[in-house]
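The values are calculated or read from the model by the stated rules, or taken from the named source; none is laboratory data. Quantities reported herein were computed from a predicted structural model and do not represent experimental measurements. Cβ placement follows ideal geometry from the backbone for every residue including glycine, while neighbour counts extend to all protein chains displayed. Protein only, heavy atoms only, side chains kept; ligands, DNA and RNA dropped before computing areas. Shrake-Rupley method; radii C 1.70, N 1.55, O 1.52, S 1.80 Å.
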Amino acid sequence: MNESQSGLRGRTASPADDADRAVLALVTAGQLDALQDLYDRYKTMAYSIALRITSDASLAEDVVQDAFLGVWRNAGRYVEGRGSVKTWVLSIVHHRAVDAVRRRRPTTELPEREDVPPPALQVPDIWQDVAAGLDRAEIAAAMETLSTVQREAIELAYWGGLTQQEISDRTGTPLGTVKSRVRLGLLALRRALVGDEAGFTDPFAGDGA
Amino acid sequence: MTEPRMTHEQARDLAAGYVLGALERSEEDAVRDHLATCTEPHPEFAAFGEVVPALVELGDLELVEPPAALGARIMAAAAADLAAHPRVTPAATPPAPPALSAPAAPTAPTAFPTPAERAQREERRRARTTRLDWVLRIAAVVAIVAVGAWGLNLQQQLDAAQRFDRAVASVIQVAGQAGSKTVILSAGKDSTASGIAAVRPDGSVVLAMRDLPATSGSQVYETWVIVGSEAPVAVGGFPVDSNGIGSFTTRAATTPPGAVIAVTLEPHEGNTAPTLPIVAAGVAIAPPPSS
């Protein structure tokens, strides 16, 4: 499926992406009103993600503040061509929110670092493709392609802030099985959302789930 | 780091957990180090990572607006950060925080301004008061605390800095609320005192001031609100000890945008006309409506 492939790999930036990159360049230069602009664009999404993960309005505010300060200080580390500004910003929010809930849980060790770098992960972004090309019903259908245990593992990881080891402990499932569920669940989502014929093949195919 | 480096296979095994943020942070660091140096391709990271943004769309995320004050707090913190660590990017010149190196602005009032001067000043300020300007005004004083705390070695000075920090925090708290106004208090003639204040919707003024000479006996620093050509209205006085910090909330008053907030040293509480000169003063400014 070449069309989806080119849409994924070589997709041209949307006007929103271009505007975001221009704003981020001004943030890098230390323009405070550019940061305000970026905040206004993504504050609702950022706060909603933080609130969902922390279930604590005050902690969610701290997370969003921390994340946007991270963006403010590290805007120069954003790499163009490896994902949208939106994905980058929201991944920092997610990362900080997970840190916050883990810090609240006494079982997880977290190094007390003053300036945690934002996640280095930046990937080609299908967010806009997904949002523009699919309606809610299709998105729900994509989720349906996951087995219950796969969906549970992904949700505990992404929204619960649990490590794979913690998911294993909590669900009484061997760690290897948890890893497989997470991996196969993400692959199923990928297939449902963008197709995969010419793309990626699971390096672990055949090791069971 | 003395631990053996992560192998290619180990990193590949952790890819799905990595993109979901489901690794211990130490594992995550190890993966990141590996990816930074590995010469072989790791397509699984991009393949899994591409799906992650969609999880937000898929997760039936309930959209909740953050409180309005959060934006103001973030901008104040960013402005303070900028003041403490100026950018050196040559491509663009960041606007300089107006009060970083000199809390006493050159436009400091040295006597009660005439109504005409006040009107002129207010017009000038309105013209250049952007949201950015407003935030910078708040943050500049915070930055002074951050910079000023560096190199302190006397406990008393440290306590003073901490007290001022707390006082500024309560001002910013008020400043971030809807309907509030902000005031930068600049030193008057023969004074080095300065500070920041926020005006609540009921017109009461929350002050944070530093470098005030200590009061003695019945002396107080009195706060005045001056609207247009009307006589100054006393809204409350406070003593100051040797740390020089003033942290005070006045009575409610009529304090519209453009009103002058002034502080004078008075022999006792309850004076109805100010004793000159003014120790510090500034104009109440309403932030432009956001967005």
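Of everything in the range A:24-52 that's among the β-branched types (Val, Ile, Thr) and open to solvent by less than 10 Å² (accessible area, probe 1.4 Å), which residue is nearest to the other protein chains (Cβ to nearest Cβ)? Filtering the range A:24-52 for residues that are among the β-branched types (Val, Ile, Thr) and open to solvent by less than 10 Å² (accessible area, probe 1.4 Å), the one nearest to the other protein chains (Cβ to nearest Cβ) comes out as A:Ile49. Of the residues in the range A:102-125, not one is in a helix (DSSP H, G or I), buried (at least 21 other Cβ atoms within 10 Å of the Cβ), of a type outside the set (A, V, I, L, M) and modelled with pLDDT of 65 or more. Looking only at the range B:251-269, residues that are more than 13 Å from B:Ala286 (Cβ to Cβ), among the β-branched types (Val, Ile, Thr) and either touching a helix residue (DSSP H, G or I) at 6+ places or on another chain (Cβ under 9 Å) or not in a strand (DSSP E or B) (or both) come to 2 in all.
Of the residues that sit in the range B:10-31 and are over 27 Å from A:Leu193 (Cα atoms) and at the interface with another protein chain (Cβ under 7 Å from one of its Cβ atoms), which one is most open to solvent (accessible area, probe 1.4 Å)? So that I can check it myself, show each step before the final result.
Residues of the range B:10-31 over 27 Å from A:Leu193 (Cα atoms): B:10, B:24-27, B:29-30.
Pick out the ones that are also at the interface with another protein chain (Cβ under 7 Å from one of its Cβ atoms) and you get B:24-25.
Details: B:Glu24: 54, B:Arg25: 10 Å².
The extreme case among them is B:Glu24.
Scanning the range B:32-55 for residues that are more than 7 Å from every other protein chain (Cβ to nearest Cβ) and of a type outside the set (A, V, I, L, M, F, W, C) yields B:Asp33, B:His34, B:Thr37, B:Thr39, B:Glu40, B:Pro41, B:His42. Note on the range B:75-98: residues that are at pLDDT below 70 and facing another protein chain (nearest Cβ under 7 Å) amount to 4.
Residues checked against (1) more than 22 Å from B:Ala214 (Cβ to Cβ); (2) surrounded by 14 or more Cβ atoms within 10 Å (Cβ to Cβ); (3) modelled with pLDDT under 90:
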position	(1), (2), (3)
B:Val227	yes, yes, yes
B:Glu230	yes, no, yes
B:Phe238	no, yes, no
B:Ser242	no, no, yes
B:Phe248	no, yes, no
B:Pro257	yes, yes, yes
B:Val260	yes, yes, yes
B:Glu266	no, yes, no
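Do we find that B:Gly17 is under 30 Å from A:Leu32 (Cα atoms) and without any contact (Cβ under 8 Å) to a residue 24 or more places away in the chain in this structure? Spelling it out, it is not the case that B:Gly17 is under 30 Å from A:Leu32 (Cα atoms) and without any contact (Cβ under 8 Å) to a residue 24 or more places away in the chain. If you go through the range A:162-180 and keep only what is aliphatic (A, V, I, L, M), touching a Leu at 6+ places or on another chain (Cβ under 8 Å) and open to solvent by 10 Å² or more (accessible area, probe 1.4 Å), you end up with nothing.
Within the range B:22-79, restricting attention to residues that are of a type outside the set (A, V, I, L, M, F, W, C), part of a helix (DSSP H, G or I) and more than 26 Å from A:Val27 (Cβ to Cβ), the residue that is nearest to the chain's Cα centre (by Cα) is B:Ser26.
There is at least one residue in the range B:200-219 that is of a type in the set (Gly, Ala, Ser), part of a strand (DSSP E or B) and touching a residue at least 24 places away in the same chain (Cβ under 8 Å). Taking the range A:54-64 as the range and being more than 9 Å from every other protein chain (Cβ to nearest Cβ) and open to solvent by 10 Å² or more (accessible area, probe 1.4 Å) as the test, the residues that pass are A:Ser55, A:Asp56, A:Ser58, A:Leu59, A:Asp62. Within the range A:149-161, no residue that is within 9 Å of another protein chain (Cβ to nearest Cβ) and surrounded by fewer than 18 Cβ atoms within 10 Å (Cβ to Cβ) sits with its Cβ atom under 6 Å from a residue that is of a type outside the set (Phe, Trp, Tyr) and outside any helix (DSSP H, G or I) at 6+ positions apart or across chains.
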